[in-house]
Every structure is written in structure tokens, then in C-alpha cells.
Amino acid sequence: MSIFKKIFGGGEEKSIESPEYIEVDVGKESRKVKIIVQPFILKTFEDINKVLETLRGGYTIVIIDIKLLKQKDIVELKRAISKLKKTVDALEGNIAGFGENMIVATPSFVEIYKGEKVKTTATTTF
């Protein structure tokens, strides 16, 4: 028996009991992923960290009430929204404002409807 047959098992007889392959049913392994919609209230700038942590989890749509922080400190609100926008962009998600006091941020597989996109065509008149 050559050394190659010993290394790669070519010289051994295969028994009927040891199959050459194993069948795996992947249908049993799959699980359903639930999407969570979670509300938050921004009272301080530091509250945005919990929102960002939740978004990074990947399966949560966050709805953020910014009314209290808006009344308290508009500069801190702008910082919080900027930080939120950078994180959402990095995660390839979407962000949109609803009304004056609500913001919605979503993971990458969720798209926020922001109105119909109007196709503009360039026309020239003579």
C-alpha cells in the first residue's frame, strides 16, 4: 500500500455501516426572527446611548420622542440626532422625523416611506 493511500484513506475498505455523507435537515435549524418596535424618550443627551445600543442589535425599529430634550436643551438635541444619524448611516439603516417631536430609526432591511419620488426630466425649450 502506498503512502498516499494511507494518508488519504484510499487503501482501506469502506464498511457498509459508515456512510460517505451525512444528511442534514436545515429546516429544523432555522428559527423565526422577530422584529421589535421599541419606544424611547430622550430626556438627556446620554439617553441616546441606549437607543444606539438597541439599534446595533439589528432587529429593532426605534421610535424616539424628542419633545423633552427639545424643550430642555436644543444644542444637546442636535448633538444626539447627529450621533444617531451617524450610527444609522454606518448600519445602512434609515432615519426619519414624524411630526415635530418623533424620530424613527430602522435597521438596514427596513425602508421608511418618505413620500413618492418624483422623476424629473430635463426639457429644453427653443
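Each Lys and Arg Cβ is given +1 and each Asp and Glu Cβ -1; about its Cα centre, region 36-106 then shows a dipole of about 140 debye. Scaled against 2.2 N^0.38 Å for its residue count N, the alpha carbon radius of gyration of region 36-106 is 0.98. Close amide-amide hydrogen proximity is noted between Thr60 and Ile36, each under 5 Å apart and 5 or more residues distant or on a separate chain (H modeled in the peptide plane; Pro and chain starts excluded). Shown in residue order for region 61-66 are the 3J(HN,Hα) couplings computed by the Karplus curve 6.51 cos²θ - 1.76 cosθ + 1.60 at θ = phi - 60°: 9, 9, 10, 10, 8, 9 Hz (x for Gly and Pro). For Met102, project a label point 7 Å along Cα to C-beta. Then give me every residue of region 34-57 with its amide nitrogen under 16 Å of that point. Zone members listed by number: 37-42.
We did not get these values from a lab; they are worked out from the coordinates using the rules stated. Because the structure is predicted, anything quoted here is derived from the model rather than measured. As a convention, Cβ positions derive from the backbone with ideal geometry for all residues, glycine included, and neighbour counts pool all protein chains shown.
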